[in-house]
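Input: a single structure, listed below in structure tokens.
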Amino acid sequence: MIGVKSYGAYIPKYRLGKETAGWGFPAEKAVANFDEDSITMAVAAGMDCLRGMDRSQVDGILYATTTAPYVEKQGAALIATALDLRRDITSADVTDVLRAGTTALKMALDAVRAGTANSMLVVASDCRMATPKGGLDRAMGDGAVALLVAKDGVVAEVEASYHITDHMLDIWRSSDESTVRNWEDRFVIEEGIFRVIPEAVSAFMAKNNLSQKDFQKVAYHSIDARRHTELAKTMKFEGDQVQDPLYSQVGNTGVAFPLMLMVAALEEAKAGDKILVVGYGDGCDVHSVKVGEGIDKIRQERRGVKKHVEAKRVLKTYDEYLRWRGMMTVAGVRRPTATGPSVSALWRETDRIIQLHGSKCRKCGYIQYPPQRVCVECHAKDEMDSVRMSDKQATVFTYSMDYLSGTTDVPLVIAVINFDGGGRMLSMMTDREIDELSVGMPVEMSFRKIRAAGGVHNYYWKSTPVRA
Amino acid sequence: MTEGIKDRVAIVGMGCTKFGERWDVSGLDMMVEAAYEAYEDAGLEPKDIQAAWLGTVASFNTGQPAAEALKLDYIPITRVENACATATDAFRNACYAVAAGIYDIVLAVGVEKLKDTGFAGLTTGAQSGPGVEPPSPPPVQFALAATRYFHTYGLSYEEGKRVLGQIAVKNHHAGSLHPKAHLRREITLEQVLKAPMIAWPLGLFDCCGVSDGAAAAIITTPENARKMRDDYVLVKGLGVAVGGRQGMLRDDYDFVSFPENLAAARQAYEEAGITNPRQEVDLAVVHDCFTITELIIYEDMGFSARGRAKEDVESGAFSLEGDLPVNPDGGLKCFGHPIGASGLRMIYEVYKQMQGKAPGPPERQLKKADIGLTHNLGGRPGSFTCSVAIFGRRD
């Protein structure tokens, strides 16, 4: 039996909503914080998926996105390192189309089926931008999802799949643009999703001797809330079979969208249920998923979609969102311009910076971060074992709030944190509300983008109040 | 067999420039200003200087700028850098060379030109390397100590702010009286509490000035000093302690006391034979880069009981009229903080007070100034260079 062994999701904390001045739209959508992107959200979803699991059992990783930070430089390798996966694994970015998530799932299933991997991690993540306040901006949200595909211990079997490849420009983005564009609405709808998705679903049903009534839920791509409902009718599904597309809570999360709806369906499903998953873009991917025993256990251990939807904060102004996306700059305190990092120094300290490894002394057991050669406690030399700090919780020992150093996240909260089990770190704190800060508050680690300078996207771990 | 530095070297001349935003002069100009005041004070000529130590953190490299400014032709000059303890460490190395019998007369000069960067605050120590460390300029780093101090001793934000504010008010009063100080105006506690926030919980008046300035000292043996003047000042003890980021590597480092302070003070007190600092020290010029730093220094130097500095602040014990005046020249807060000059500026205040020649109005001259202490703290909570120096009047 081949299918999903574990799932995880990540939806950013912040929302645009009816309380957001200048947004002018009642439905909420999830927006990545200024220091998040598709890489950081993929890492967060991956951590949710792998919570309590042996990360050394993962044989490969596929990163599906249309918003990779680099066009030449793999994202999957960075995510795998941040997740502290093994070195002898395969990795690939599956990109350039909204269907990439469901396609990465197919590739992972094929690898496991072929026996070249026992388990593959699929992370699908997107942080797309559209022209402010247009229809696409209103419908799109940011988020990520992760699926561990395996043949043992599966909680949701993928029974059958079907694929169509269909070249067209309906919604697209050129490599030199930051916002997506679309052709005339009626063309996009009628010759795009309303032609291709029903064709693929019908062909899938015919090929597998299945019908719409065999499925408890259908999780599919669409363009907006209205078209989502209409598309169900076109595909001949009843209203109660449609998995809530979260258009009024999260928005269309691009490559992650159909898989995120599938995870949301798994959070409610019982053993024996069937879920149809449909990805769209330059064609269509259809997967049929049968829920198995063991889903309850995974559900309890994961934050998944539901807990992330609930743990939110609505932004006060749309300007703040524009600042986060670099579409608006405001005057700040005069400071020197940031220069690009040293790439060789970054590479040399991959364990400290990306893996967030500390070291634990074999002689005395003292845990210290960053990794040291000579033990700070007993002074033993080169007697250290690496220890992963990124999945530990910590408490705030002391903190301060910097009102002068920046313009994006004022005040910048700097916190000295003590990790549970030992180790300390001077950290930036993100996703924080000023009125919740206190000495002793529990925090967890979150992989974030520090800045982009000199063509380098620089990532590091920050502390954040425990999300859920 | 070690002998220590006590009574083995003497200061026979000192100079200090006006501190402040010295847009019209360069670092070289300020070295001339400070050194020539010292020469005149000592009754010496530049040619009498046999070796020199130049302290500067960010303005110059090598010993050559001192040679260029002062035309010290082809003598040994060493550039010293040790964060905010730079000037005191330059002075210390100069003392050791004299005590070792290598030279008779040497010069220590410290200088910093901070106001040419085009930015307010400090821009030194800009990151190179991976570029992922939290941007945490000095106010943020010391705010971490303030937050933890308030937490540890049960002070509410308002209570803590009032204690710190009284230190700022005290130092502004002292600074207002010193003709060479950078910030020369009195402030009220009300103003401190209402000032803009810089790095919570530290506001504008919790932070010291960023200044240009230079200071210099001429050091010789006590035998030579006796021939030169009656009111030379003796070095009684020198301590330096250097941290290695223990405060970040160790999760039991408490942020309310700095081990470097304790270690440097212990070295200096032992050398000077001081066992009860609160009773024996007559004045202290300490590193009040932020008000919280001065508060912690009271406890770490043994002036106040642990966690009880608040009571001494409230009783006025460290004011000009108190039993142990601290920063009678206004401190870093108001005299200013040209980093590489600050340690020598502190020694200048101790030296002048001991000679009964405190610059400014008569009320600035302390009645008793037999034993004086200077203290520098460079770096940030978790990793400091600390220097403590103790001076005495000649017997």
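The values are calculated or read from the model by the stated rules, or taken from the named source; none is laboratory data. None of the values given here were measured: they were computed from a predicted structure. Ideal geometry is used to build each Cβ from the backbone, glycine not excepted, and the neighbour counts take in all protein chains shown. Protein only, heavy atoms only, side chains kept; ligands, DNA and RNA dropped before computing areas. Shrake-Rupley method; radii C 1.70, N 1.55, O 1.52, S 1.80 Å.
Tabulated values for the structure
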quantity: For A:412-418, mean number of other protein chain Cβ atoms within 10 Å; calculated: 5
quantity: 0 to 90° range, to nearest 10: angle between helix A:194-208 axis and chain A longest Cα axis; calculated: 80
quantity: Two-site FRET efficiency, residue A:56 against residue A:209, from Cβ-Cβ distance with R₀ of 45 Å, rounded to 0.05; calculated: 0.65
quantity: Peptide A:424-434, shielding by other chains (average Cβ, 10 Å cutoff); calculated: 3
quantity: Kirkwood Rh (inverse of mean 1/r, distinct Cα pairs), the range A:3-324, angstrom; calculated: 19.3
quantity: Whole-angstrom gap from the range A:312-366 to the range A:1-22, using each part's C-alpha centre; calculated: 22
quantity: Rounded tilt (10° steps) of A:38-49 against the dominant C-alpha axis of chain A; calculated: 90
quantity: Inter-chain shielding of A:444-456 (mean C-beta neighbours from other protein chains, 10 Å cut-off); calculated: 1
quantity: Calculated [θ] (222 nm, deg cm²/dmol) that DSSP helices of n ≥ 4 give over chain B, each run adding -39,500 (n - 2.57); calculated: -11000 deg cm²/dmol
quantity: R0 of 41 Å, Cβ-Cβ distance residue A:174-residue A:202: FRET efficiency to nearest 0.05; calculated: 0.80
quantity: Net charge of neighbours whose Cβ lies under 15 Å from the Cβ of residue A:283, counting Lys and Arg as +1 and Asp and Glu as -1; calculated: -4
quantity: Percentage relative contact order, the range A:3-324, counting C-alpha pairs under 8 Å, at least six apart; calculated: 28
quantity: 0 to 90° range, to nearest 10: angle between helix B:138-152 axis and chain B longest Cα axis; calculated: 50
quantity: Unmatched cysteines, the protein assembly as shown - criterion: no other Cβ of a Cys under 4.7 angstrom; calculated: A:49, A:127, A:284, B:16, B:84, B:95, B:207, B:208, B:289, B:334, B:386
quantity: Apportionment of accessible area to carbon and sulfur, the range B:10-112, percent (1.4 Å); calculated: 49
quantity: Euclidean distance of C-alpha centroids, the range A:218-248 and the range B:80-111, integer Å; calculated: 79
quantity: Per-pair calculated FRET efficiency, R0 = 22 Å: residue A:233 and residue A:187 via Cβ, rounded to 0.05; calculated: 0.60
quantity: Pairs beyond 20 Å (Cα-Cα), from A:5/A:233; A:29/A:217; A:106/A:274; B:170/B:310; A:73/A:449; calculated: A:5/A:233; A:29/A:217
quantity: Antiparallel bridges, percent of DSSP beta bridges restricted to chain A (to nearest 5); calculated: 75
quantity: Point-to-point label distance, residue B:26-residue B:254, nm (Cα→Cβ direction, 7 Å offset); calculated: 5.0
quantity: Full-stretch length increase - residue A:307, residue A:25 - with 0.36 nm per residue and alpha-carbon distance subtracted; calculated: 99.1 nm
quantity: Cα centroid separation, the range A:139-154 to the range B:254-303 (Å); calculated: 58
quantity: Nonlocal Lys pairs with alpha-carbon distance under 25 Å, the range A:299-428 (8 or more apart, or different chains); calculated: 9
quantity: Antiparallel bridge percentage (DSSP; both residues within the protein assembly as shown; nearest 5); calculated: 75
